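To keep things clear, I will list the structure first and then write my remarks on it.
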Amino acid sequence: MNEWTWGDSAGLVARAYCWLVGVTVPAGMVLAFVVQLAVSAAQDPHHRFWGPDLELLVLFAFWAAVIVAVVAVGGAVVALPCTHVLGLLLRRVRCRALHVVATAVLAGVLGAVTAGAIGAIEGVWAAQVLGSSMGASTGVAGAIARWRQLRARAREEAAPRPSPSTVTS
């Protein structure tokens with residue numbers, strides 16, 4: 001953990017982007033569907049869930065995921081120098097949990113601020129919803145990416161290296 005390069009930063013940001021687009025945003029969408037269905041059931045127990053409401057939710061989720069994937073590229077570009085500075089600051093810190101938490105906080109704040117700013121165009125409610133949901137999604141994605149990066153590095157360092165005197169044929 002003593003060295004931190006731009007390649008490390010770019011790798012971490014790329015992994016976090018993949019986790020965001022491939023896992024945390026879709027999981028958030030599924031959670032939103034479940035909450036929507038529960039609220040609908042509580043309001044009207046005879047409501048039909050497999051009609052136009054569900055079709056609209058699925059269509060919304062698809063387009064929201066596409067939009068997030070595109071907008072998150074810009075977020076990744078903004079996050080790259082911030083991630084590099086954080087990596088440099090944490091070079092001498094040995095506690096892996098602190099690395100993961102710091103990365104999660106950085107990713108969450110950057111995601112919440114940018115999504116909140118985009119949501120502010122629509123109004124205060126949209127800014128709060130987008131900011132909090134994207135903050136959570138980006139924070140979790142950043143934490144997962146950093147934890148896996150640290151785990152891979154630890155495995156790499158623990159792997160036995162062949163000695164130079166060993167001849168292989």
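The values are calculated or read from the model by the stated rules, or taken from the named source; none is laboratory data. Treat the numbers as computed from the prediction; the structure is a model and nothing was measured. Neighbour counts run over all protein chains shown; Cβ positions are idealised from the backbone, glycine included. In case anyone asks, the SASA skips ligands and DNA or RNA and just uses the protein heavy atoms, side chains included. Shrake-Rupley method; radii C 1.70, N 1.55, O 1.52, S 1.80 Å.
Determine whether residue 83 is more than 17 Å from residue 132 (Cα to Cα), among the hydroxyl-bearing types (Ser, Thr, Tyr) and within 17 Å of the chain's Cα centre (by Cα). Criteria met by residue 83. Note on the range 75-101: among residues that are among the aliphatic types (A, V, I, L, M) and without any contact (Cβ under 8 Å) to a residue 40 or more places away in the chain, the one that is nearest to residue 155 (Cα to Cα) is 97. Here the condition is being charged (D, E, K, R) and within 18 Å of the chain's Cα centre (by Cα); of 146, 153, 94, it holds for 146 alone. Summed over the range 136-167, the residues that are of a type in the set (Gly, Ala, Ser) and open to solvent by 40 Å² or more (accessible area, probe 1.4 Å) give a count of 6.
Does residue 71 meet the test of being in contact (Cβ under 8 Å) with a residue 40 or more places away in the chain and hydrophobic (A, V, I, L, M, F, W, C)? Let's see the steps before the verdict.
Working: in contact (Cβ under 8 Å) with a residue 40 or more places away in the chain: yes; hydrophobic (A, V, I, L, M, F, W, C): yes.
Yes: the conditions hold for residue 71.
The rows are residues; the columns are (1) of a type in the set (Ser, Thr, Tyr); (2) in contact with a Gly (Cβ under 6 Å, 6 or more places away or on another chain); (3) within 15 Å of residue 9 (Cα to Cα).
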residue	(1), (2), (3)
97	no, no, no
100	no, no, yes
106	no, no, yes
132	yes, no, no
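A Cβ distance below 7 Å, combined with a sequence gap of six or more or placement on separate chains, defines the contacts here; from the range 27-43, residues that are under 18 Å from residue 134 (Cβ atoms) and in contact (Cβ under 8 Å) with a residue 40 or more places away in the chain reach residues that are surrounded by 10 or more Cβ atoms within 10 Å (Cβ to Cβ) and not aromatic (Phe, Trp, Tyr) in the pairs 28/133; 28/137.
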